[in-house]
Amino acid sequence: MRLKSLVFLVVLLVTVSACSKKQPPVARPTPPPPAAAPSDTTATRPPAPPEPAPEPIVVPEDPSLASDDLSARTVDEINRESPFQPVFFRLDSDEIDAAGQAALQQNADILRRYPSWTITIEGHCDERGTPEYNLALGERRALSARDYLVALGVESSRVKTVSYGNEFPFDPARTEEAYALNRRAHFVVTAK
């Protein structure tokens with residue numbers, strides 16, 4: 001039994017000595033920063049507030065520019081006073097002459113100024129010819145105008161075409177002057 005008591009005592013001593021921990025060293029407090037000299041008054045004053053920002057100069061809008069800006073108008077208002085020039089064609093032709101090229105150049109300039117606009121080019125004919133022939137000729141006229149605009153740098157995705165043949169004449173009279181007005185490519189803003 002003695003042996004058991006001795007073993008128990010050794011185990012107890014080993015356990016107690018293992019559980020005793022060393023005390024961590026005590027940290028000494030750091031000394032405070034040196035006090036400022038009494039003659040140094042800038043260290044005790046708070047910084048000055050920033051200078052206020054100058055008021056922006058408001059320039060009134062030029063009324064002549066506002067009336068020229070079509071982006072504020074609705075699609076119906078734009079089409080009512082269309083900024084686009086129609087392109088007129090000779091009898092049974094879809095070729096664009098010099099006057100038509102000048103009109104298409106102006107129309108391309110407008111489309112560059114308003115890059116969000118989408119237009120539809122309507123192809124029209126006079127009343128001479130069969131309805132089928134006039135629809136086909138109106139389509140060729142609209143496509144000729146579209147192709148010319150695309151060649152001038154207008155994105156093709158912004159230009160749609162449709163043919164009305166002789167369905168919507170500018171002038172319903174049956175004269176050569178009226179027929180010349182009806183053979184046209186007409187430009188309509190469909191989205192902005």
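Observations on the structure shown:
- On the stretch given as region 116-141, residues that are without any contact (Cβ under 8 Å) to a residue 40 or more places away in the chain and touching a helix residue (DSSP H, G or I) at 6+ places or on another chain (Cβ under 9 Å) total 1.
- Any hit, region 142-164, residues being more than 36 Å from the chain's Cα centre (by Cα) and of a type outside the set (Val, Ile, Thr): no
- Check on residue 58, of a type in the set (Val, Ile, Thr) and either closer than 30 Å to residue 111 by Cα or at pLDDT 75 or above (or both): no
- Residue satisfying all of: in region 108-141; acidic (Asp, Glu) and under 32 Å from the mean Cα position of the chain (by Cα); farthest from residue 168 (Cα to Cα) among these: 109
- Among the conditions (1) more than 22 Å from residue 182 (Cα to Cα); (2) of a type in the set (S, T, N, Q); (3) buried (at least 18 other Cβ atoms within 10 Å of the Cβ), the only one that residue 116 does not satisfy is (3).
- Scanning region 156-170 for residues that are within 18 Å of residue 136 (Cβ to Cβ), surrounded by fewer than 18 Cβ atoms within 10 Å (Cβ to Cβ) and not aliphatic (A, V, I, L, M) returns 160, 164, 167, 168.
- Take the conditions (1) modelled with pLDDT under 70; (2) assigned to a loop (DSSP other than H, G, I, E, B); residue 50 misses just one of them, which is (1).
- Residue tally, condition under 22 Å from residue 118 (Cβ atoms) and either in contact with a strand residue (DSSP E or B) (Cβ under 8 Å, 6 or more places away or on another chain) or not acidic (Asp, Glu) (or both), over region 139-192: 34
The values are calculated or read from the model by the stated rules, or taken from the named source; none is laboratory data. On a predicted model such as this, the values are computed, not experimentally measured, just so you know. Because the Cβ atoms are built from the backbone with ideal geometry, glycine has one as well, and the counts that use them run over all protein chains shown.
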